[in-house]
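Every number here is computed from the coordinates shown, using simple stated rules; none is lab data. Every value quoted in this text rests on a predicted model; they were computed, and no experiment measured them. Every residue, glycine among them, receives a Cβ derived from its backbone with ideal geometry; neighbour counts consider all protein chains shown.
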Amino acid sequence: MVLAIMWVVHIFKVFTGLSLAKFGVYPRHQDGLIGIIASPLIHGDWGHIISNSVPFAVLSSMIFLFYRKVSLKAFTAIYFLSGILLWSFGRSVFHIGASGVVYGLLTFVFWTGIFRRNIKSIVLALIVTLLYSGYFYGIVPTQPGISWDGHLFGAIAGIIVAYIFKNQIENDEDQEDPFKDEKENYYLPRDTFEAPLKQREREIRPNDDWTTNF
């Protein structure tokens, strides 16, 4: 739904020639508050909206498919919290685009795997790491015209939301630590290597006459 609105807004912008940047987030200014809601729906050009649409669709689908209990609440929290953090602490420029929300969705999936530590959440975390590991560079202020602080605060929002919902386990999730069996079950008796050592200590005493050859 949100993705469809993004495209409708962009097509409207292209055909009317209107600049919608003034509806973006402008940190610490009252007029910039509207951007908390509107900013993710506004994009600068076709490349901008396409580059955001694909990961937005993939990551939001993962959350709604695999974390159904918290999906709507988590998505809504990330959407608003990323904008609130950006408005509170971002640079004093207009910020537009859904990339902050994308970073929030990404870190939510990844950190949910860290916090819950069950097989499903860990696998999903590994998948997003493989797909989007390059996104790390998006929070570094190296590219002019890129809202790196929007990316950063979106990522922080995702971590916070993942922590808030970490105990709301899905019905198909194993609540046990997946490494528990490895910690408690041993392939060999625990004294396998200790017994020969103790036996050797009994055989060698300080007064034994033994020689080392070089």
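One table, with the values for the structure above:
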read-out	value
Measure of compaction for the stretch 10-164 (Cα Rg per 2.2 N^0.38 Å)	1.02
Packing-based exposure ordering (other Cβ within 10 Å, fewest first) of Val8, Val93	Val8, Val93
Span from the the stretch 40-64 Cα centroid across to the the stretch 74-97 one, whole angstrom	16
In nm, spacing of pseudo-spin labels at Tyr137 and Val54 (7 Å Cα→C-beta vector)	1.6
Computed FRET value (nearest 0.05) for Phe115 with Thr16, which takes r as the C-beta separation and R₀ as 41 Å	0.40
Sorted by Cβ density within 10 Å, fewest first, the residues Ile34, Ile50	Ile50, Ile34
Inter-probe distance in nm under a simple model that places probes 7 Å from Cα toward Cβ, at Leu65 and Val8	2.6
Per-residue HN-Hα couplings for the stretch 67-74 [Karplus 6.51, -1.76, 1.60; θ = phi - 60°; Hz; x = Gly/Pro]	10, 5, 4, 10, 4, 5, 5, 5
